[in-house]
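Single-structure report; data block below.
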Amino acid sequence: MKFRKLALALTIGLAIAGFFVFDLGQYLNLQTLKEQQAAIQSFQTNNPLLSVAAYFVLYVIATALSFPGAALLTLAGGAVFGLLWGTVIVSFASSIGATLAFLMSRFLLRDWVSQRFGQRLAAIDEGVKREGAFYLFTLRLVPVFPFFLVNLLFGLTGMKTRAYYFASQLGMLAGTVVYVNAGTQLAKLESLSGILSPGLLGSFVLLGIFPLIARKIVEIVRMNKVFANWKKPARFDRNLVVIGGGSAGLVTSYIAAAVKAKVTLVEKHKLGGDCLNTGCVPSKALIRSAKFLSHVTRSQEFGIHSASAEFEFSDVMKRVQAVIKTVEPHDSAERYTELGVDVAQGSAKIVSPWEVDITREDGSTQRLATRSIVIATGARPFVPPIPGIEEVGYLTSDNVWNLRDLPKRLVVLGGGPIGSELTQAFARLGAKVTQVEMAPRIMIREDPEVSELVTQRFRAEGIDVLLNHRAKQFIIDNGEKILIAEHEGQDVRIPFDAVLVAVGRAANLKGFGLEELGIPTGRTVDTNEFLQTNYPNIYAAGDVAGPFQFTHTAAHQAWYAAVNALFDPIKKFKADYSVIPWATFVEPEVARVGLNELEAKEKGIPYEVTTYDIDDLDRAIADSEAHGFLKVLTVPGKDKILGVTIVGEHAGDLIAEYVLAMKQGIGLNKILGTIHIYPTLAEANKYVAGNWKKAHAPHNILAWVERFHAWRRG
Ligand SMILES: Cc1cc2nc3c(=O)[nH]c(=O)nc-3n(C[C@H](O)[C@H](O)[C@H](O)COP(=O)(O)OP(=O)(O)OC[C@H]3O[C@@H](n4cnc5c(N)ncnc54)[C@H](O)[C@@H]3O)c2cc1C
């Protein structure tokens, strides 16, 4: 491959050098063409087919190799073959030449570019896939954009060759006609610049931007079409109504109030939503108590001969509720009312693109007319329809917090973050936990060694982690609840006292007007990059919008939803998902930002891996937490960070440095040059940067420096 590339580059180089060495450019001017017109014409009359073939091949070679003079060749085409045939021949020859140049650029340069700018190129490819042909067409329409540059740049993208050819041919047609037509008047032409008068050039620019304007108009018409069957209220009670008072809804309404909009936040259950009441807060509180118990179990590791803990599970669960109560004021109606939000307790239903009905507990209803709406209705645990599941009864992350007696034998269905966090917490609290996962490993979104480390730890703590086990049926046999799972074609019976279903979360899409308004949904509400639904004034944010299901991404989207809902069409922003971090709070903790190896491979993004093992870190050793690792993916040969995975104590906190670095474009060199306090876990961030530096030490220069020192020693 390398040889073929080299050979092609050499051939192109030689051809271009030949062009200039032999000064072939001297023949490519208007004067020579005029002088030779009669001779060329007579050759064409005597050899019509040969002249077409020769002209065609010459044109293709000239454009494929990006020789100057394509405009002159086009004029010659008009002069020799006339308007119709000249246009046909030039149109095909220029499109084929352009496509060859595009392919050569791709063959020679794309790998190199993607090695250096992998992630950015992936984003460009994504855009080109959606709209590349459209933009190429507009570029081609305006003949002032350099022909060779367009070929070169598009060759670096992932655009399909066929699309490139057709968009080029169609886009260049108008310009071709103008030049070929000018060629038919060759005798009258005084200069090449005369062909494109300012007026004509202006028309081309207009033609070029016409598709963009047309597309915008189509977009506006399409968006407004959805309003056609609805009667718009004469005036609005509110600028914004937000449906759902979880992380997304709270932040949306807070931002709206901060910019002095009149906003109503409607919550049908508890403000704070999942995160406060049944998600992040209770789970982290439970995990903390469980961690305390794990330290008691590990007392000898800390030099304590024996330690024991006496506790009631119900007290631990009471503490969980106490933690919720302590955090609750942050998300309370009082606080938000003080911030300027009108908080309404009740169930919201969108009844028109501008109207929301709020039904309160006492059955009374209020209709609010609003300029914009943000849907932030969240998600709920997904319960798969496994035969017998209703009969045995099940727990989910919604109701597990009501438990006051610890189940002796707990089955956790699901090896994702929620399933894994609760598996370890319940096991540490004393339940005999069996975690059942149908994939070959738990935490499947992370790299395999991450899953491996967590699984090892789970098993060491007495958890039965069953991989490749598909839950098939629940039965009650002699009064005992049993899960039948399929493993390698065999049925495995798993007796249990309680089962916790944690196999994913389904967006709340039903019962509040989406179907009636015809707002498209899949697994989540369909939105564009501005978080708009098909109704331009109705937005969605948080778990109901996806693609992430975290509190911090809900809050992040909320900013876009609020600002866009309040300020469109004056200004709107595309939601930026370039740097999204998350953590799974198992032990060892797992945190990630950006790409891991799995995703980089999947997306074909080249990367280099640098690792640092935490068992070498002084503070981790002092804390008896010397386990885990950091893995940093960088652009090959550069310190630019593509993604980081950290497994170990406080990984979720340690990752923050890399989140900032990625967001602000800070590379490993700068992290290495930053003081980190000794002895802290954060030093691991510096050490992994050091490992990268060692691997990229300038050996040649160091060899000279060594000689310099030897010389100075005399
Ligand atoms: C066990 C568990 C642990 C988690 N741990 C973490 C973690 O550590 N870190 C993290 O970032 N994320 C975590 N999450 C995820 C996090 O909780 C969610 O991503 C976050 O709560 C999503 O916020 P949201 O506003 O989109 O939805 P929600 O918090 O679900 O809020 C939606 C709200 O809308 C209300 N609503 C729905 N329909 C209507 C209607 N028609 N009218 C009025 N109100 C309505 C609901 O009652 C609800 O209060 C965890 C989740 C679970 C289940």
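The values are calculated or read from the model by the stated rules, or taken from the named source; none is laboratory data. Everything numeric here is computed off the predicted structure, so don't read it as measured data. Glycine gets a Cβ as well: all are built from the backbone with ideal geometry, and neighbour counts include every protein chain shown. Side chains included, ligands, DNA and RNA excluded: accessible areas come from the protein's heavy atoms. Shrake-Rupley method; radii C 1.70, N 1.55, O 1.52, S 1.80 Å.
The share of Cα pairs per 10 Å bin across segment 1-147, counted from zero up to the longest distance, runs 10, 31, 32, 19, 7, 1 percent. Helix 448-460 axis versus longest C-alpha principal axis of the chain: approximately 10°, rounded to the nearest ten.
Around the amide H of L395, modelled in the peptide plane, lie the amide H atoms of V499, L500, V501, all under 5 Å away and 5 or more residues distant in sequence or on another chain.
Taking N as the number of residues in segment 76-140, what value does Rg over Cα atoms divided by 2.2 N^0.38 Å take?
Details: Rg = 16.5 Å, N = 65, 2.2 N^0.38 = 10.7 Å.
Here the Cα radius of gyration is 1.54 times the empirical estimate.
Between V221 and Q321, the FRET efficiency from the beta-carbon distance, with R0 = 60 Å, is close to 0.65. Compute the long axis of helix 699-713 from its Cα atoms, compare it with the longest principal axis of the Cα atoms of the chain, and write down the angle in degrees, 0 to 90, nearest 10. With both axes taken from Cα atoms, the answer is about 80 degrees. Under 5 Å between amide hydrogens, built in the peptide plane, is the criterion, and for A506 it picks out R380, F382 among residues at least 5 positions away or on other chains. If you take the Cα centroid of segment 1-46 and the Cα centroid of segment 405-479, the two points sit 71 Å apart.
Using a 1.4 Å probe, what is the accessible area per residue for the chain, in Å²? Each step should come with its number before you reach the end.
Details: 35770 Å² over 714 residues.
Per residue, the chain has an accessible area of 50 Å².
Once amide H atoms are built 1.01 Å from N in the peptide plane, which residues 5 or more positions from L265, or in another chain, come under 5 Å H to H? Amide H neighbours of L265, under 5 Å, 5+ apart: V242, D342, V343, A344. Distance from the Cα centroid of segment 527-588 to that of segment 332-347 is 22 Å (rounded to whole angstrom). Taking the convex hull of the alpha carbon positions in the chain and averaging its projected area over all directions gives 46.9 nm².
Tell me, what is the FRET efficiency for A695 and V659 to the nearest 0.05, using R0 = 25 angstrom and their Cβ-Cβ distance as r? List each step's numbers first, then the result.
On the way: r = 23 Å, r/R0 = 0.94.
Here the calculated transfer efficiency is 0.60.
Indicate the gyration tensor shape class of segment 1-57 (rounded, prolate or oblate), computed on the Cα atoms with a ≥ b ≥ c the square roots of the eigenvalues: a/c under 1.5 is rounded; otherwise a/b larger than b/c is prolate and the rest oblate. Provide the component values of the computation, followed by the final result.
Numbers: a/c = 5.34, a/b = 1.83, b/c = 2.91.
Oblate is the answer for segment 1-57, as a/c is 1.5 or above yet b/c matches or exceeds a/b.
If every alpha-carbon in segment 476-630 counts as one equal scatterer, what log10 I(q)/I(0) does Debye give at q = 0.08, 0.21 1/Å? Cα-only, vacuum Debye calculation for segment 476-630: -0.45, -1.25. Relative to the longest principal axis of the Cα atoms of the chain, the long axis of helix 313-327 makes an angle of roughly 50 degrees. Distance between the pseudo-spin-label points of F567 and T521 (7 Å out from Cα toward the beta carbon): 3.0 nm. Where does segment 414-565 land on Rg/Rh, using Cα atoms and the Kirkwood Rh? Using Cα coordinates only, the ratio equals 1.09. Carbon and sulfur together cover what percent of the accessible area of the chain at a 1.4 Å probe radius? The computed percentage sits at 61. Phi angles across segment 521-538 convert, under the Karplus curve 6.51 cos²θ - 1.76 cosθ + 1.60 with θ = phi - 60°, into 3J(HN,Hα) values of 9, x, 6, 9, 6, 6, 9, 8, 5, 8, 6, 7, 7, 5, 8, x, 9, 10 Hz, Gly and Pro given as x.
Computed from the Cα positions only, the extents of segment 385-503 along the three principal axes stand at 40, 36, 23 Å, in decreasing order.
Across segment 494-507, coupling constants 3J(HN,Hα) worked out from phi with the 6.51/-1.76/1.60 Karplus curve, θ = phi - 60°, read 10, x, 7, 9, 9, 10, 10, 8, 9, 9, x, 10, 9, 5 Hz, and Gly and Pro carry x.
A crude spin-label estimate for the pair I12 and E486, with each label 7 Å from Cα along the Cβ direction, gives 5.3 nm.
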